[in-house]
1. Listed residues GLY5, GLY40, GLY18, GLY45; which is touching a residue at least 24 places away in the same chain (Cβ under 8 Å), more than 24 Å from ILE247 (Cβ to Cβ) and not aliphatic (A, V, I, L, M)?
2. Suppose we filter region 193-212 for residues that are in a helix (DSSP H, G or I) and within 16 Å of ligand 2 (Cβ to nearest atom); how many remain?
3. For region 171-195, how many residues are among the charged types (D, E, K, R) and within 16 Å of ligand 1 (Cβ to nearest atom)?
4. Which of the following residues is within 29 Å of GLY106 (Cβ to Cβ), among the small types (Gly, Ala, Ser) and out of contact with any Pro (no Cβ under 7 Å at 6 or more places or on another chain): ALA220, ALA165?
5. Right, VAL79: hydrophobic (A, V, I, L, M, F, W, C) and farther than 18 Å from GLU234 by Cα or not?
6. For region 178-192, what are the residues that are outside any helix (DSSP H, G or I) and either modelled with pLDDT of 95 or more or acidic (Asp, Glu) (or both)?
7. Taking LYS92, is it within 16 Å of ligand 2 (Cβ to nearest atom) and buried (at least 21 other Cβ atoms within 10 Å of the Cβ)?
8. Considering (1) surrounded by fewer than 22 Cβ atoms within 10 Å (Cβ to Cβ); (2) within 16 Å of ligand 2 (Cβ to nearest atom); (3) assigned by TED's automatic domain parsing to the domain that holds VAL206, say which one LYS15 fails and leave the rest.
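The values are calculated or read from the model by the stated rules, or taken from the named source; none is laboratory data. What you see is a predicted model; the values in this text were computed from it and never measured. Reconstructed Cβ throughout: ideal geometry from the backbone, glycine too, with neighbour counts over all protein chains shown.
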Amino acid sequence: ASTPGVLLQVDNARKQFGGVVAVNNVSFDVQAREIVALIGPNGAGKSTTFNLITGVLPPTSGNISVLGKAVGNAPPQDVVKLGISRTFQHVKLVPDMTVLENVAIGAHLRGHSGAISSMFRLDRGDEAKLLAEAARQIERVGLGDQMHQLAGSLSLGQQRIVEIARALCVDPMLLLLDEPAAGLRHMEKQRLGALLRDLRAGGMSVLLVEHDMGFVMDLADRIVVLDFGTKIAEGTPAAIKTNPEVIKAYLGA
Ligand code: ADP
Ligand code: MG
């Protein structure tokens with residue numbers, strides 16, 4: 001059972017690929033209204049941990065639960081229903097469709113079977129509802145003026161924010177972001193950080209994988225550090241910055 005305030009509980013999660021232990025009995029949690037960063041060198045197990053949380057991969061052992069409900073071996077579309085929504089490491093927008101269309105289609109696919117064909121079975125009323133919800137989320141992230149522009153004409157920073165709008169359409173309690181600041185310019189990072197703080201103020205939690213240490217240290221309430229699949233440290237940005245184990249993991253070859 002989870003205590004009140006614990007949104008996500010990762011309890012002794014393990015994932016082996018043959019002889020490779022990608023995630024080695026890792027435990028951590030995410031509280032309500034908290035921004036947690038998952039960091040670590042390449043190959044540390046960050047993406048695999050995300051895939052366990054979102055039901056993309058079943059754990060070899062261990063438990064993951066959202067508000068006390070086990071994610072278990074639930075497929076990704078059922079994990080979404082528990083209140084988790086994610087973005088991916090690489091932008092997955094259709095460049096020659098508008099921002100509105102991208103958000104509406106993404107929202108539809110997340111909420112339903114995942115089959116493109118289901119989009120064509122929408123009746124007019126459902127389509128109108130979907131577009132209205134998409135428009136609401138685009139306004140919420142501050143891209144209302146770009147709603148009818150082609151997604152491919154936006155800056156990378158704006159495209160990342162469009163992806164967040166899409167993830168928000170399912171009304172998640174926890175947003176998982178895979179390297180949201182990668183490749184962004186300073187101003188775009190500032191804007192992204194401000195948006196994530198706004199979402200937190202609105203009651204949402206965020207778990208992000210991120211390589212940009214400046215961005216992480218400035219934004220996260222708490223940091224979990226993985227190295228070779230094992231959690232080596234957890235704490236506030238100030239504590240993590242000076243943790244000898246963490247410094248060794250990043251500097252050691
Ligand atoms: P990170 O995201 O921190 O860079 P990953 O979670 O992608 O790390 O990978 C952790 C380890 O698991 C690495 O050694 C990687 O090679 C291995 N791994 C990840 N996915 C697979 C897979 N599908 N099959 C085999 N090994 C994998
Ligand atoms: Mg990765």
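1. On the way: GLY40 fails: more than 24 Å from ILE247 (Cβ to Cβ); GLY18 fails: touching a residue at least 24 places away in the same chain (Cβ under 8 Å); GLY45 fails: more than 24 Å from ILE247 (Cβ to Cβ).
Result: GLY5 is the single residue among GLY5, GLY40, GLY18, GLY45 that is touching a residue at least 24 places away in the same chain (Cβ under 8 Å), more than 24 Å from ILE247 (Cβ to Cβ) and not aliphatic (A, V, I, L, M).
2. Our first condition is that a residue be in a helix (DSSP H, G or I); within region 193-212, this holds for 193-201.
Within this subset, residues satisfying the condition of being within 16 Å of ligand 2 (Cβ to nearest atom) are none.
The total comes to 0.
3. The initial filter retains those residues of region 171-195 that are among the charged types (D, E, K, R), namely 171, 178-179, 185, 188-189, 191.
Okay, now just the ones that are also within 16 Å of ligand 1 (Cβ to nearest atom), so 178-179.
Selection size over region 171-195: 2.
4. On the way: ALA220 fails: out of contact with any Pro (no Cβ under 7 Å at 6 or more places or on another chain).
Going through ALA220, ALA165 in turn, just one is within 29 Å of GLY106 (Cβ to Cβ), among the small types (Gly, Ala, Ser) and out of contact with any Pro (no Cβ under 7 Å at 6 or more places or on another chain): ALA165.
5. On the way: hydrophobic (A, V, I, L, M, F, W, C): yes; farther than 18 Å from GLU234 by Cα: yes.
Yes, satisfied.
6. Within region 178-192, the first condition is being outside any helix (DSSP H, G or I), and the residues that meet it are 178-185.
If the condition is that a residue be outside any helix (DSSP H, G or I) and either modelled with pLDDT of 95 or more or acidic (Asp, Glu) (or both), then ASP178, GLU179 are the ones that fit.
7. Working: within 16 Å of ligand 2 (Cβ to nearest atom): yes; buried (at least 21 other Cβ atoms within 10 Å of the Cβ): no.
Criteria not met by LYS92.
8. (1)
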